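Q: Structure in structure tokens, see below.
Every read-out reported here was derived from the displayed coordinates using simple, explicitly stated rules and does not represent laboratory data. This one's a predicted model, so the numbers in the text were calculated from it and none came from an experiment. Don't worry about glycine lacking a Cβ; one is built from the backbone with ideal geometry, like all the others, and counts go over all protein chains shown.
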Amino acid sequence: MRRARTYTVPPCAKRTATAPIRLMNRLLALLPALLLVACFGTHGTDDGPSEDAPRLDMGTGEIDAGPRRGDLGPGRPDAGPRVPDGGGRIDCSPHRASLTCGASPHFAGSSFDLPISIGGEGECYCGETIYCGVSVRPGPTGEPVEIDLNTELCHGGALCDACFPYIEGSCPIPALPAGEYPVWLNGERAFDLEVQGDFVEQEQCTRVAAPDSLDCGPVGWPAQRFEAGEICHQEDVFIGTRPTITVVDTCATCGQQPGPCTVTVDESGFAPVLQVDVSRTNTACDVDCPAICMRMEHQCVVPDGLAPETAYQVIVNGRSFGTTITASTFGGGEETCVGFLAGG
């Protein structure tokens with residue numbers, strides 16, 4: 001058995017400052033002079049302040065006014081983008097979203113916010129926000145057929161006491177007819193979005209397909225499911241967290257990459273189940289690969305809404321490995337790995 005992977009939550013430094021009483025008394029004593037200078041600066045000549053104008057020695061004391069905003073736009077309490085007056089964005093750069101978690105499928109004919117996250121196990125974020133631009137690709141007759149998402153990570157410069165593995169945001173999706181829509185993320189195919197007219201909502205997380213890290217050109221779709229040879233995960237996890245299931249593809253090729261992985265919480269049957277639907281994609285480099293099996297790991301994320309003290313059976317591409325995941329206040333146990341021989 002392997003030990004559970006952990007990450008450190010580093011504290012962030014806090015600013016401290018002092019405000020000496022003598023400084024405040026001095027400011028009060030100079031208040032008439034301050035008003036006089038302010039009036040002169042407002043109603044004086046256009047040549048600016050004179051070199052002979054009196055200057056006030058304010059000392060070296062500092063007053064702690066708490067965190068200061070670098071822009072004058074309205075603050076947002078959630079993880080959406082900070083959009084100041086004028087519609088601009090502050091200190092943002094393209095950054096591909098990592099996953100989408102929430103209730104699925106989505107209802108046809110109504111607009112909705114698609115939750116997205118940037119991050120993962122062991123990563124650290126504090127104060128950043130996500131901007132998401134959305135456009136719909138029309139078909140030959142004008143009906144929507146595909147969705148383009150462009151995500152950016154915006155640095156807010158907030159003061160924090162801890163960091164977090166994910167930063168949250170959302171993408172405003174317009175009303176769509178029922179169907180399954182390919183989603184492109186920052187220019188590359190990432191996952192499929194299901195929209196239905198009548199359905200039962202289930203919680204799920206979809207880890208998006210890996211980008212073209214091999215630089216081989218467009219990644220081939222549709223993504224292909226495979227028979228997993230091994231899975232690794234913690235069986236006891238903390239309530240309200242997103243545990244990771246590592247699925248091992250024991251017979252991938254050098255030109256393939258991890259495709260999307262969706263974990264769905266299915267509580268409709270006699271026993272609750274985590275249905276893991278994981279796939280791989282082909283690239284143009286695949287034609288030059290030798291005919292040998294290579295190991296490829298897929299990181300699949302479990303939704304954070306598991307019922308406490310309930311054992312969920314893990315099913316990967318229709319196959320049970322005999323393992324369960326339970327959320328409790330005493331989570332964080334060792335990682336369990338279970339595997340089968342290829343073809344077994």
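Q: Sort Thr141, Thr264 so the one with the fewest other Cβ atoms within 10 Å of its own Cβ comes first.
A: Listing Thr141, Thr264 from fewest to most nearby Cβ atoms yields Thr141, Thr264.
Q: Then there is this: How far apart, in nm, are two points set 7 Å out from the Cα along the Cα-to-Cβ line at Phe164 and at Ser213?
A: Taking the two extended label points, one gets 2.6 nm.
Q: If you don't mind, another one. Can you tell me the convex hull volume per residue for segment 202-344, based on C-alpha atoms, in Å³ to the nearest whole number?
A: In segment 202-344, the Cα convex hull volume per residue is 109 Å³.
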